[in-house]
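Here's the structure, in structure tokens; my notes come after.
Just so it is clear, none of the values below were taken in a lab; they were calculated from the coordinates. All figures in this text were calculated on a predicted structure; none of them were measured in a lab. As a convention, Cβ positions derive from the backbone with ideal geometry for all residues, glycine included, and neighbour counts pool all protein chains shown.
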Amino acid sequence: MKWLLASLCILALIVGYSYITVSDGPIEPMGRLAFVKLANPDMYPGHIHSELLAKEAEATGSKCALVLQLYGGSNYRSYQEGNVYIIEVAFIDTQGMGSINMSQVNFLDSFKVALFGVPDGRYKYMSDGHVYDTYDEMMAHVNELAQEHGQQGPLPMFYKGTVRQGNPIITPGEGFPLYFQILTKTYGIIPAYVYTLSGMFAPYFNDPYRDFELKNASQLQDDYNQGLLNINYETNTKGNKTALQYYKQLYENNSQSYDSA
């Protein structure tokens, strides 16, 4: 019983310290955004996950938000979604392929990163069509964009969290390592642990499409990998239009059931 009480007291001190440290900081950790892609590209004006991110950021009173991803060939352009300017950043792991699914995770490497943080120089970063060689250069770009677009107070930060293969409940998804790195650099390793772990549960509370994503994860991943989720938002003539209409109707049905709950 004494050990249990002592453990609870230590846990309370860790959580309290982390909360106080982060509450006055420049970054507001918002956690994971979603589980699987619903259309591709997803961080694009008008996509349902993009609109969800903007809604969550706007609820904090912010005019900007930062979303983190794993580099996959895009230019990761920042853009306006409603009243929120979304800043995109992807990381490039120069010593690995990233955690695409559990079968490709190097657990020893992940353990070292969890203990000591991301080694300096390991990551490069892509944002707005430019590769930044250092963390400081990348963050200077992020802060400059946020200032240009009227951000006041801490910048809400999400990691996209979508999983292209494997179990999205087990695998944390896109952007997770960079989320951990930014929290470590900004607040230290202990708050980074607390907010990275708690942030993994964010979609269970904030994503109205969570049930649909999880129930249909394998099908959505297969559709994405076959290019069936590809959408041209401007002309709506590319990709599988039948699939687009099918998923659009499912989004609407799921949204109505969420709103009425």
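As a rough guide to protection, the peptides 197-210, 41-54, 149-162 ranked by mean Cβ packing within 10 Å, highest first, stand as 149-162, 41-54, 197-210. Based on alpha-carbon atoms, the Kirkwood radius and the radius of gyration of segment 4-83 give Rg/Rh equal to 1.11. Annotation: amide H-H contacts under 5 Å for Asn40 (H modelled 1.01 Å from N, sequence separation of 5 or more, or interchain): Asn230, Ile231.
Got a sec? Charge dipole of segment 1-76, +1 on Cβ for Lys and Arg, -1 for Asp and Glu; which of Leu11, Ile48, Pro26 is way out at the positive end? My answer, from the dipole projection, is Leu11. Along segment 214-219 the Karplus relation, 6.51 cos²θ - 1.76 cosθ + 1.60 evaluated at θ = phi - 60°, assigns HN-Hα couplings of 6, 5, 10, 4, 4, 5 Hz to successive residues, with x for each Gly and Pro.
Couplings for segment 37-50, taken from phi via the Karplus curve 6.51 cos²θ - 1.76 cosθ + 1.60 with θ = phi - 60°, read 5, 9, 6, 10, x, 9, 8, 8, x, x, 6, 5, 6, 5 Hz in order; Gly and Pro are left as x.
Take the cross-link list Lys63/Lys185; Lys37/Lys185; Lys112/Lys185; Lys55/Lys124; Lys37/Lys124 and give me the ones stretching past 27 Å between alpha-carbons. Write down the numbers at each step before the final one.
Working: Lys63/Lys185 23 Å; Lys37/Lys185 29 Å; Lys112/Lys185 16 Å; Lys55/Lys124 29 Å; Lys37/Lys124 24 Å.
Cα-Cα > 27 Å for Lys37/Lys185; Lys55/Lys124; rest within.
Could you give the length gained by full extension between Ile169 and Met1, i.e. 0.36 nm per residue of separation minus their alpha carbon distance, to one decimal place? Kindly include the intermediate steps, with their values, before the conclusion.
Working: separation 168, 0.36 × 168 = 60.48 nm, distance 3.28 nm.
Using 0.36 nm per residue and subtracting the Cα-Cα distance, I get 57.2 nm.
Taking every pair of Cα atoms in segment 1-140, average 1/r, invert it to obtain the Kirkwood radius, and report Rg/Rh to two decimals.
Details: Rg = 18.0 Å, Rh = 17.6 Å.
When Rh is taken as the Kirkwood radius, the ratio is 1.02.
The HN-Hα couplings worked out from phi for segment 190-203 by the Karplus form 6.51 cos²θ - 1.76 cosθ + 1.60 (θ = phi - 60°) are 5, x, 5, 4, 4, 7, 6, 5, 5, x, 5, 8, 3, x Hz, whole numbers, x standing for Gly and Pro.
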